[in-house]
Ligand code: SF4
């Protein structure tokens, strides 16, 4: 009899196993458990508001903000302003902060940066919690075991008003990362490999675990988490380790958190193993990221007009370091523009101190202020019809960086830097 | 609740940069919708009319969280049915009052121009030309209610949550 009861109890427990994402959603919803197929109303721990919310009535202003201490505001997509309209957008953001007593405000000063970069660097991404922002690459904060999601402008209005939003609980695909990337390779190459092998992941969460994670810097993990927007993942969550927790504690000492780990008996839609040692430099051909990459070694040898490194995915110090290493003592090819945009002003300053900016500029690069800039075709490197660009940013969509008649190839920072030197798509291993 | 309309077919991985290109976002809000699909289907925005529906492939609406669904609504699109829909785009559809339904098999089920009836009680799609019915993926009534209300702003207005008019915008 006792045996039977305990057996039943075990079966009950088996059904209760949750993935990391499910656990974070359950906590945010105040529920014991959630299961794929549920829709849950959740409390948002951190609401990230950006300059884009303040134009064209995109985000309507709530009468009252639910909790000013849980709201962070960042001017990023086009900062400093490039036009009276964008200047008014920034002004509206400042007025919003003043009116509602929001103190975490990243204005056009030394705290400036791309929102997802700042969320990482200021410890706003808190392990085990839920973060929301209008922007699609919000999943970036998943590198910190934070369930983070882009939710669009109207929903941000609702979040600012109520502190709540909803999510479908989706099935989860687990990626077990093994081994280590070979030198010059980047998390960008990992995502292109995943996007090639497995296509889009719409209505699925992805989770990253495995020994391979411990070999990746937080920057590198964040590049991978950020790029999960490109496979249409719902949430992208990394398992936390000491490096991750120390990063958050150091930057946000007052915050208390509890990282969430998948139960041993969690139910996954699929578990996939990725051997990082086998990954080679890849380049996604124009217009889509998914199922569209080939080895850089086999890429067409056409002239490249612009090479860009930047964005929330590849504007980190790691990216500056590798770009500087690739171009050191060399010159950018005739007829190629090489543009590098840091993820934040703090990264910019540190890249200057470490000599990366000097190396890049000596090679012929234009190093710009931190902003989204060329990534979304707003500023600092817009493409003309017929031009070809290789970019270490997030997207290669038609028309994204300027003219719809331009072609955009997407690759890692090392590949972009090598391409800037040769003026045609180049495997960085050929240069070093 | 059902929606009937003439269908426009699109392929896989239709992204929001195609619907609302970055440079277009500099223009006044009212002028932005007419640039939808200018890069991949020039002239479409002039042909689409009130009450039409879009039938998409896999991963429809992937990309940026920009108000692309709002552009389609302004052009008269009332409903989007696709093999699969990006989660953020689906949410934006609901919040801008555009009905959206994931419906595996829809690409082969519909030819461009077919009149279809999308039913949001059973979550089915009926091809009026062939008379056949295809089952879509269900979602909770609360989300359907948001779509039916014309999006989240009308709901928030009713609840007295919003400043009206919006004081802080460029
Ligand atoms: S850098 Fe590019 S992808 Fe990242 S938030 Fe800015 S525009 Fe979006």
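FYI, it's all coordinate maths here, none of it is from the lab. The model shown is predicted, which means the values in this text are computed figures rather than measured ones. Cβ placement follows ideal geometry from the backbone for every residue including glycine, while neighbour counts extend to all protein chains displayed.
Counting pairs of Cα atoms in the protein assembly as shown, how many percent are more than 40 Å apart? Don't jump to the answer; show the numbers that get you there.
Numbers: 40544 of 180901 pairs.
Value for the protein assembly as shown: 22 percent of Cα pairs lie more than 40 Å apart.
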For the protein assembly as shown, share of DSSP beta bridges that run antiparallel, in % to the nearest 5 = 30 percent
For a quick protection proxy, order the peptides A:341-348, A:47-54, B:76-83 by their average other-Cβ count within 10 Å, most packed first.
-> A:47-54, A:341-348, B:76-83
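Let me know the mean shielding of B:22-30 by other chains, meaning the per-residue number of their Cβ atoms within 10 Å of its Cβ. All intermediate terms of the calculation are to be shown ahead of the outcome.
Numbers: counts 12, 10, 2, 8, 7, 2, 2, 4, 1.
For peptide B:22-30, the averaged partner shielding equals 5.
Can you give the helix-only mean residue ellipticity at 222 nm for chain A, where every DSSP H stretch with n ≥ 4 adds -39500 (n - 2.57) and the sum goes over all residues, rounded to the nearest 500 deg cm²/dmol? Display every interim value, and only then the final one.
Values: 14 runs with 137 residues, N = 432.
Taking each H run of at least 4 residues, the total per residue is -9000 deg cm²/dmol.
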Rule-of-thumb Rg ratio for region B:1-112 [Cα; 2.2 N^0.38 Å; N residues] | 0.96
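Hull surface divided by four, with the convex hull built on the Cα atoms of region A:357-432: how many nm²? Let's see the in-between values first.
Details: hull surface 20.2 nm².
Approximately 5.0 nm², given one-decimal rounding.
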In degrees, nearest 10, range 0 to 90: what is the angle between the Cα axis of helix A:413-422 and the longest Cα principal axis of chain A?
-> 10 degrees
If you count, for each residue, the other Cβ atoms within 10 Å and average over each peptide, how do A:160-169, A:210-219, A:313-322 line up from highest to lowest?
-> A:313-322, A:160-169, A:210-219
Rank by packing, highest mean first: peptides B:22-29, A:60-67, with packing defined as the count of other Cβ atoms within 10 Å averaged across residues.
-> A:60-67, B:22-29
Bin by bin, in steps of 10 Å, what percent of the Cα pairs in region B:42-161 do you find, going until the bin that has the longest distance?
-> 14, 45, 34, 7, 1
In terms of the Cα gyration tensor, with a ≥ b ≥ c the square roots of its eigenvalues, is region A:160-277 rounded because a/c is under 1.5, prolate because a/b exceeds b/c, or oblate?
-> oblate
Expressed in µm² per second, the diffusion coefficient of region A:39-134 from the Stokes-Einstein equation, with Rh the Kirkwood radius over alpha carbon pairs, at 4 °C and 1.567 mPa s, is 94 µm²/s
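State the three equivalent ellipsoid semi-axes of region B:46-115, derived from the C-alpha gyration tensor as the square roots of 5 times its eigenvalues, in descending order and whole Å.
Numbers: eigenvalues 63, 51, 16 Å².
Semi-axes, largest first: 18, 16, 9 Å.
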Cα-based helix-to-principal-axis angle, A:317-327 vs chain A, degrees rounded to 10 | 30 degrees
In nm, to one decimal, how far is the residue B:111 label point from the residue A:35 one, both placed 7 Å along Cα→Cβ?
-> 4.4 nm
Using only the Cα atoms, work out Rg/Rh for region A:90-148, with Rh taken as the Kirkwood radius, to two decimals.
-> 1.00
Inter-probe distance in nm under a simple model that places probes 7 Å from Cα toward Cβ, at residue A:254 and residue A:303 | 5.7 nm
For A:16-25, mean number of other protein chain Cβ atoms within 10 Å = 0
Send over the per residue convex hull volume for region A:332-401, Cα only, as a whole number of Å³.
-> 81 Å³
Descending semi-axes in Å of region A:35-78, equivalent ellipsoid built from Cα gyration tensor | 24, 14, 12
Per-residue average of Cβ from other chains inside 10 Å of A:51-62 = 6
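Give me the percent of Cα-Cα pairs in region A:240-383 that sit more than 20 Å apart, rounded to a whole number.
Numbers: 6588 of 10296 pairs.
Taking all Cα-Cα pairs of region A:240-383, the fraction more than 20 Å apart is 64 percent.
How long are the three semi-axes of the equivalent ellipsoid for region A:208-264, computed from the Cα gyration tensor as the root of 5 times each eigenvalue, in whole Å, largest first? Show your work: numbers first, answer last.
Values: eigenvalues 80, 38, 33 Å².
The answer is 20, 14, 13 Å, longest axis first.
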Mean ellipticity per residue at 222 nm, deg cm²/dmol - from DSSP H runs of n ≥ 4 across chain B, formula -39500 (n - 2.57) = -6000 deg cm²/dmol
Measure nothing fancy, just the Cα-based angle from helix A:2-16's long axis to the longest principal axis of chain A, in degrees from 0 to 90, nearest 10.
-> 30 degrees
